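These notes concern the structure reproduced below.
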Amino acid sequence: MILGTFAVIGSVLAFCASDALAATVDWKPEKPVEIILNTAPGNSPDRTARAIQRIAQERRLVEVPLTVSNRVGGGGAVAYAYLNQRPGDGHYIAIASKALLTNNIMGRGPSYTEFTPIAHLFGEHTVIAVKADSPIKTGRDLVERLKKDPGAYSFGIATSLGNVNHQSVGAALKEAGVDLRKTRNVVFQSGALALTALLGGHVDVVPLGPGTVAGPLQAGQVRLIAVASPKRAPGLFADVPTWQEQGYNVVVSNWRSIIGPKGLSAPQIAYWERAIQRIVETDDWKKELEANHHTAEFLGSADTRKMMDADNARLKAFLAELELVK
């Protein structure tokens with residue numbers, strides 16, 4: 001009788017377990033999915049979104065069409081507000097970068113905790129570009145000149161002050177004792193627009209992702225005076241010295257992650273986590289990372305939240321030193 005009771009209990013538990021497992025996968029999109037961006041077309045985040053769109057559709061890794069929606073404004077506030085107007089709806093996902101953290105710390109946007117982390121994709125280290133005929137030859141040249149006159153050169157910053165692009169220059173200047181409040185900064189809505197301004201002679205220095213500047217570098221239009229990485233990059237960027245090589249203990253990494261609106265269910269998170277993992281495992285995705293000089297760093301939903309928690313804590317301290325915390 002006791003054995004029979006245990007058998008019944010075991011059957012019930014097995015049923016419940018299988019039912020719970022089914023629940024974690026019992027969701028899929030039923031209408032077109034929107035991939036939301038807070039930047040203009042043509043820059044690094046936009047290329048990331050369109051690569052995901054293309055690979056998912058060509059390989060049929062997502063059952064419905066995907067569209068890319070560029071919603072520019074407010075340093076990301078417009079895009080993130082749009083995303084969170086759709087709580088619990090798994091048909092909307094967004095490309096997030098470190099700007100999600102920095103903007104909030106500086107009082108210009110929502111907290112990352114207001115969204116659902118889905119997956120972490122990759123990291124990249126910013127390069128510092130000047131025109132090929134610029135009198136600025138190295139990162140040290142730039143810093144030493146600004147130590148004498150913080151307003152001597154202008155910076156083109158995409159897409160907001162205090163973000164990873166600004167940090168990749170500001171950290172070196174801060175370490176050298178330059179008053180960042182006296183530097184001249186022009187904010188652009190994308191790295192592509194900042195680069196255009198540099199080539200047109202409207203700004204003197206532009207920090208940006210390596211993928212954005214690769215073409216002009218190959219064409220001899222720009223010179224790269226520093227990279228905010230712990231070691232030199234291979235290939236096209238092998239001759240670019242790190243900040244550390246030039247005497248400044250500066251390493252700044254950007255990243256790209258996928259987030260959803262607040263309130264996504266476990267089945268919705270599980271669906272997108274699996275779909276994104278399948279995308280990043282393709283040869284097409286690996287070629288995309290190599291072409292844009294990104295470092296693969298896939299993490300699932302739970303680990304992405306841990307990564308954001310840790311990075312947010314570091315950034316609070318970092319931006320406080322840069323006197324940019326509001």
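Of note:
- Residue that is farthest from Ala152 (Cα to Cα), among those in segment 101-136 that are modelled with pLDDT of 95 or more and touching a Pro at 6+ places or on another chain (Cβ under 8 Å): Thr116
- Helices (runs of 4 or more DSSP H) wholly inside segment 210-326 containing at least 2 residues that are assigned by TED's automatic domain parsing to the domain that holds Ile105: 266-280, 283-291, 301-321
- Single residue of segment 43-72 satisfying the filter (free of Cβ contacts under 8 Å to residues at least 40 places away in the same chain and part of a loop (DSSP other than H, G, I, E, B)) that is surrounded by the most Cβ atoms within 10 Å (Cβ to Cβ): Arg71
- Residues within segment 138-163 that are among the basic types (Lys, Arg) and within 30 Å of Gly107 (Cβ to Cβ), tallied: 1
- Any hit, segment 268-285, residues being of a type in the set (A, V, I, L, M, F, W, C) and more than 23 Å from Lys28 (Cβ to Cβ): no
- Number of positions in segment 233-250 that are small (Gly, Ala, Ser) and closer than 16 Å to Lys174 by Cα: 1
- Scoring Ile259 on the criteria (1) at pLDDT below 95; (2) surrounded by 14 or more Cβ atoms within 10 Å (Cβ to Cβ); (3) under 16 Å from the mean Cα position of the chain (by Cα) leaves a single failure, condition (1).
- Restricted to segment 102-183, the set of strands (runs of 3 or more DSSP E) holding at least 1 residues that are farther than 30 Å from Glu288 by Cβ and in the same structural domain as Leu224 (by TED's automatic domain parsing) comprises 154-158.
- Among residues of segment 285-306, those that are buried (at least 16 other Cβ atoms within 10 Å of the Cβ) and either closer than 13 Å to Asn254 by Cα or in contact with an Asp or Glu (Cβ under 7 Å, 6 or more places away or on another chain) (or both), counted: 5
- Index of the failed condition, Gln277 passing every other in (1) over 15 Å from Val127 (Cβ atoms); (2) among the polar types (S, T, N, Q); (3) buried (at least 18 other Cβ atoms within 10 Å of the Cβ): (3)
- The one condition in (1) surrounded by fewer than 22 Cβ atoms within 10 Å (Cβ to Cβ); (2) over 30 Å from Gly90 (Cα atoms); (3) under 16 Å from the mean Cα position of the chain (by Cα) that Asp311 fails to fulfil: (2)
The values are calculated or read from the model by the stated rules, or taken from the named source; none is laboratory data. Please read all numbers here as calculations on a predicted model, not as lab measurements. Quick reminder, even Gly has a Cβ in these numbers, built from the backbone with ideal geometry, and neighbours come from all protein chains shown.
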